[in-house]
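What follows is a set of notes on a single structure, which appears directly below.
The values are calculated or read from the model by the stated rules, or taken from the named source; none is laboratory data. The structure presented is a predicted model; accordingly, all values stated were derived computationally and were not measured. Cβ placement follows ideal geometry from the backbone for every residue including glycine, while neighbour counts extend to all protein chains displayed. Remember, those area values only see protein heavy atoms, side chains included, never the ligands or the DNA or RNA. Shrake-Rupley method; radii C 1.70, N 1.55, O 1.52, S 1.80 Å.
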Amino acid sequence: MFNVTQNGADYSNRTVCGKNNDTISGWCPEVFDDALCWPQTPPGTRANQSCPKFESFITNNLAYKDCLANGSWYVNQENVTWSDYRDCIDFESLEFYNFINFLYVIGYAVSLAALIVSLGIFLFFRTLKCTRIRIHVQLFLSFILNNIMWITWYQEVVAQVATPLRNPYWCQFLHVAKEYYMVANYMWMFCEALHLHLALVVVFVREERTMKWFYGVGWGFPFIIVLVHSLIRIFYNKDTDLCWLHERAFGGWFISIPIAVTLALSMIFLINILRVILTIMHPNSPNPAPVSIRRAVRAALILTPLFGLQFILIPVRPDNDHPMYYVYVYTSVIIIPYQGLCCAVLFCFANHDVHQAIKRSFQRNLTRQSTRWSNYQTGDSAAGVFMVNGSGQNGNTVPLLSIRRKSTQSSVKV
């Protein structure tokens, strides 16, 4: 056998591969094997190409495909037309990335559990009903959907080598859905920053009207961004291979720029919020400067994960051979998937209003149980609502009095 090296034309696009009808008689035809496009090759020869640009692939090495003497491509024992990518795989790198993906899945799963519990708490207690909590609910919902998408993506696409190569429609749809919920998550973080800024700086704001705008920004604006980005990838760049894993053209800027703008605005809001805390609040304190500084530092630490400002620490990904690459990877594993857990802890589990709501609910249940078994009244009573079968001293039915509680709503501090 002798080698046939493919150079020159870009055969990475499956839409053009295999459309060449001018195959020389007796040669192996042009074919796309879900990774590379192999040109028509004379019988009894071995074609080779540079390895495709996949994660954990060594692109400087070569992939091979054998054309048999009868003019057909080599078929393995499983009766599948086979290409040899064994020299392409960097097994050490593959093991590392599988471990990192596992850490991401664990992080997203832990955050998902905490977020579901937090969302249930916010929705269950009627006293936790204000604009701030409603925005928290939408943010936590976006976190939940985003985490579900990422867990599914890592399990069903990234961990399955064959799935990106087949590029099924459900995989492409999953990428678009993942992208939408990711952008929505950023937009709701921006809404959190904007709402707090308005509450502290503008003060007099019609919250019902602003909530409608928040819904539009949080759920509507991401739809427009992702729709435009998807249409550009499909019809202009024609970049829809490999479950949309790798974007080879400028289309990614349609996602990156809006996210970068919202993070920059959130940073401006945070700086202004800290300015308000330092210069306006607590003027009557006997030692106002240290008190204000402590509160400002505390506010910055708490609001950073809520506004998503920790992502400013990882704006640019270093090259794989850069000395800081592994630092970047492990930092991202901590910052990205555990953000939902951090927000759930700070704004639900450690929230004083949530503690008070749970405490009041627990006390009401204790009172209700105590009343159910101790407050019996003998004699006729028009106020009785629930009747317990039994007899008093005069043989009368014993009514169990119900306690009527007026519905109240407690204001939640902004």
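Observations, loosely collected:
- Accessible area in square angstrom per residue, segment 80-231, 1.4 angstrom probe: 48 Å²
- Charge dipole magnitude, Cβ of K and R +1, D and E -1 - segment 131-227, Cα centre, debye nearest 20: 160 debye
- Separation of segment 194-251 and segment 122-160, taken as the distance between their Cα centroids, equals 16 angstrom.
- Cβ-defined net charge surrounding W27, 15 Å radius [Lys, Arg +1; Asp, Glu -1]: -1
- To put it simply, the accessible area of segment 26-74 at a 1.4 Å probe is 52 percent carbon and sulfur.
- Once all protein chains are placed together, E30 keeps about 30 Å² accessible to a 1.4 angstrom probe.
- Classified by the C-alpha gyration tensor, segment 218-260 has a prolate form. Its axis ratio a/c, with a ≥ b ≥ c, is 1.5 or above, and a/b is larger than b/c.
- Taking amide H as placed 1.01 Å from N in the peptide plane, the amide H of E30 sits under 5 Å from that of Q40, each at least 5 places away or on another chain.
- In angstrom, the C-alpha Rg and Dmax of segment 108-259 are 17.8, 56.
- The share of alpha-carbon pairs in segment 121-165 lying farther apart than 18 Å comes to 50%.
- Going by accessible surface with a 1.4 Å probe and the largest first, S50, S111 read S50, S111.
- On the beta carbon distance between F102 and L165, with R0 = 30 Å, the FRET formula returns roughly 0.90.
- Anchor K212: aspartates and glutamates whose Cα lies under 15 Å away (excluding residues fewer than 8 positions away in-chain): E192
- Accessible area in the full protein assembly, largest first, 1.4 Å probe, for M189, M182: M182, M189
- Of the accessible area of segment 179-234, computed with a 1.4 Å probe over protein heavy atoms only, carbon and sulfur atoms account for 73 percent.
- Annotation: extensible slack from I334 through A260 equals 24.6 nm (criterion: 0.36 nm per residue apart, minus Cα-Cα distance).
- Extending 7 Å from the Cα toward the beta-carbon at both V201 and L346 defines two label points whose distance is 1.9 nm.
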